[in-house]
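Working notes for the structure below.
The values are calculated or read from the model by the stated rules, or taken from the named source; none is laboratory data. No experiment lies behind these values; they were computed from the predicted model shown. Reconstructed Cβ throughout: ideal geometry from the backbone, glycine too, with neighbour counts over all protein chains shown.
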Amino acid sequence: MPETEFATTLVTLDLVGIFVFAVTGALVAVRKNLDIFAALVLAGVTGLGGGFIRDVLIDATPPAALTDWRYLLAPVAAGLLTFAFHPAIGRLERLITVLDAVGLSLFCVTGALKAVEYGLGPAPAALMGMVTAIGGGMLRDVLAGSVPVIFEGALYATPALCGAVVAVLLDRTDLPIVVVSAAGFTTCLVWRLLALVRGWSAPLPRGPANV
Amino acid sequence: MPETEFATTLVTLDLVGIFVFAVTGALVAVRKNLDIFAALVLAGVTGLGGGFIRDVLIDATPPAALTDWRYLLAPVAAGLLTFAFHPAIGRLERLITVLDAVGLSLFCVTGALKAVEYGLGPAPAALMGMVTAIGGGMLRDVLAGSVPVIFEGALYATPALCGAVVAVLLDRTDLPIVVVSAAGFTTCLVWRLLALVRGWSAPLPRGPANV
Amino acid sequence: MPETEFATTLVTLDLVGIFVFAVTGALVAVRKNLDIFAALVLAGVTGLGGGFIRDVLIDATPPAALTDWRYLLAPVAAGLLTFAFHPAIGRLERLITVLDAVGLSLFCVTGALKAVEYGLGPAPAALMGMVTAIGGGMLRDVLAGSVPVIFEGALYATPALCGAVVAVLLDRTDLPIVVVSAAGFTTCLVWRLLALVRGWSAPLPRGPANV
């Protein structure tokens with residue numbers, strides 16, 4: 001049945017997204033030489049934070065993470081695995097960035113489609129997709145005292161918003177949910193990774209002389 | 001009809017408040033030389049953050065910003081306009097402060113009256129007014145890594161609380177909503193601006209010698 | 001009646017927890033030489049923040065603090081008393097830590113039991129206990145620009161989680177609520193204080209050489 005397929009696809013993508021975001025949170029803890037409990041808290045906040053913000057805003061409380069044990073298991077497993085098997089410190093920075101891009105791409109799709117499911121219009125649903133995608137990383141960076149990744153001048157929030165828009169628009173067609181999700185995911189991921197690799201930068205404010 | 005007038009007045013004040021707060025958020029991004037997407041995110045968080053916190057706490061979810069496109073348009077317009085026409089960097093500090101005071105004064109009124117509308121008693125409603133007013137700026141400062149404006153020793157949260165109290169109390173009379181709002185707005189704005197201009201300061205903790 | 005006893009016990013513990021957490025918030029403001037209004041805001045955020053996060057997530061909105069005036073009075077009284085009678089600056093650091101441990105131990109119990117009352121399963125309820133306990137201090141540290149206490153490498157979140165687990169498990173027996181609460185409270189407090197006194201530390205990430 002399509003409904004079951006829809007739910008299963010969303011939950012699977014959500015769990016993978018939670019896992020990779022949680023890994024980025026735990027890696028930040030490892031890089032800062034924090035202990036294992038701090039790593040688990042940071043993994044949980046990063047993995048679940050964006051979804052919590054979305055669920056609270058669209059009135060889907062209590063969030064799935066509080067009623068479905070798999071949503072709790074994902075960040076715990078991610079935190080423990082990261083702590084046990086983290087790669088050489090020198091290579092963490094790049095790994096965090098790539099996993100973060102994957103989480104971003106997964107969450108912009110699941111966030112947007114869940115918002116549609118809860119009755120939001122296309123524009124707010126796409127916005128919720130972006131909020132879900134950038135929320136966890138924002139909380140991670142604020143807690144860890146880093147500059148929020150969205151402010152680093154790279155293109156970050158925009159690919160998430162576009163991935164969400166693609167998912168919302170295609171969701172109105174007859175395409176299967178897997179295709180819809182894949183299209184939104186790919187849009188966001190390719191854009192984000194290209195921006196990273198090519199060093200794209202967005203327009204900066206003009207200097208005082210131009211006023 | 002009074003009901004329509006009430007709703008229209010609140011929405012109008014809310015939109016103006018979102019716009020000016022969003023401008024302060026975008027100006028912080030400009031001052032930090034962040035790119036246009038960071039400016040839009042910071043504009044959105046600053047403009048909508050306080051209202052989101054309020055709506056989530058008083059159970060008015062999904063917040064108006066997710067069902068009414070004007071609430072989304074306001075911060076986007078504010079962000080783009082700020083980015084395009086920002087004044088000389090040297091003068092931004094003062095401009096942010098004044099716009100912030102206007103947003104503070106608008107939101108303490110709309111926050112308090114919306115809380116009353118949702119059945120809260122006078123004291124919590126006034127508190128919600130203050131939270132709405134200081135919430136967006138608090139999120140902005142935390143994200144941007146600045147010292148939260150409420151901690152700078154100037155009088156900030158108190159005028160917002162008093163403006164909210166004035167609005168809540170006058171709302172129980174027969175006065176038209178425009179007058180109620182104007183009284184609360186003026187109370188907060190005059191107090192805040194006087195505190196800024198005159199360099200008022202609140203009692204500081206006594207030193208160790210006084211213990 | 002057990003139901004009344006249950007409610008009374010929870011509310012009492014909640015109020016004491018709010019008070020001591022609010023004192024830690026106000027002490028941070030005093031230590032940073034912030035003015036009295038900043039101290040009150042920081043007291044309110046620290047005392048009420050954890051419970052707000054919990055109530056929003058378990059859909060218990062509006063939170064008790066917005067419908068019961070005692071919940072508002074507690075942080076205000078804590079802020080004013082702290083401001084008036086704060087002890088010598090040199091001794092604040094330790095006092096904040098001990099009060100924080102007491103608040104942590106109170107909130108992990110009340111947070112978990114309230115979540116059970118709202119229908120959450122044992123594991124998510126224990127998690128909510130931990131979130132309630134660490135939420136206020138986390139917001140305090142983020143706003144005050146300190147390193148979140150949970151990241152300092154001491155054992156912080158774990159005793160809160162264990163206290164919550166003890167409370168949730170004992171709550172399923174016939175034990176009176178006072179005993180259940182005391183057991184959870186003691187578990188968390190003893191663990192946390194021992195960790196502080198003995199300088200316990202949790203496993204740290206292995207160095208790059210071990211990869």
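Only one of (1) out of contact with any helix residue (DSSP H, G or I) (no Cβ under 7 Å at 6 or more places or on another chain); (2) within 25 Å of A:D141 (Cα to Cα); (3) among the small types (G, A, S) is not met by B:A133, so which one is it?
Status for B:A133: all satisfied but (1).
Quick test of your reading of the structure: B:P124 fulfils all but one of (1) touching a residue at least 24 places away in the same chain (Cβ under 8 Å); (2) touching a Leu at 6+ places or on another chain (Cβ under 6 Å). Name the failing condition by number.
So B:P124 meets the others, but not (1).
For B:F85, which of the numbered conditions (1) facing chain A (nearest Cβ under 10 Å); (2) touching a helix residue (DSSP H, G or I) at 6+ places or on another chain (Cβ under 7 Å) fails to hold?
Evaluating B:F85 over (1) facing chain A (nearest Cβ under 10 Å); (2) touching a helix residue (DSSP H, G or I) at 6+ places or on another chain (Cβ under 7 Å) leaves (2) as the failure.
Give the residue, chosen from A:D68, A:D59, A:D100, that is of a type in the set (D, E), within 12 Å of the chain's Cα centre (by Cα) and modelled with pLDDT under 90.
Every option except A:D100 fails the conditions.
Residues are listed down the side, and each one gets a yes or a no for (1) closer than 22 Å to B:V30 by Cβ; (2) small (G, A, S):
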| site | (1), (2) |
| --- | --- |
| A:L155 | yes, no |
| A:L161 | yes, no |
| A:A167 | no, yes |
| A:V190 | no, no |
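Do we have A:L95 as in contact with a Pro (Cβ under 7 Å, 6 or more places away or on another chain), over 30 Å from C:D59 (Cβ atoms) and hydrophobic (A, V, I, L, M, F, W, C) here?
yes
Please specify each residue of the stretch B:30-41 satisfying the condition of being more than 14 Å from B:L81 (Cβ to Cβ) and at the interface with chain A (Cβ under 8 Å from one of its Cβ atoms).
Result: B:K32, B:N33, B:L34, B:D35, B:F37, B:A38, B:V41.
When residues of the stretch B:137-157 are filtered for being more than 20 Å from C:M138 (Cβ to Cβ) and either in contact (Cβ under 8 Å) with a residue 60 or more places away in the chain or part of a helix (DSSP H, G or I) (or both), how many remain?
Of the residues in that region, 2 qualify.
So which of A:V147, A:V102 is β-branched (V, I, T) and buried (at least 20 other Cβ atoms within 10 Å of the Cβ)?
Every option except A:V102 fails the conditions.
Looking at B:G119, is it of a type outside the set (V, I, T), within 13 Å of chain C (Cβ to nearest Cβ) and more than 30 Å from C:A38 (Cβ to Cβ)?
So B:G119 passes the test.
Among the residues of the stretch A:158-205, which ones are surrounded by 17 or more Cβ atoms within 10 Å (Cβ to Cβ), under 17 Å from A:K114 (Cα atoms), modelled with pLDDT of 90 or more and not small (G, A, S)?
A:L161, A:C162, A:V165, A:V166, A:V168, A:L170, A:D171, A:V180, A:F185
Tell me yes or no: at least one residue of the stretch C:148-158 is among the polar types (S, T, N, Q), within 8 Å of chain A (Cβ to nearest Cβ) and either over 12 Å from the mean Cα position of the chain (by Cα) or under 25 Å from A:L34 (Cα atoms) (or both).
Looking for residues that are among the polar types (S, T, N, Q), within 8 Å of chain A (Cβ to nearest Cβ) and either over 12 Å from the mean Cα position of the chain (by Cα) or under 25 Å from A:L34 (Cα atoms) (or both), one finds at least one in the stretch C:148-158, hence yes.
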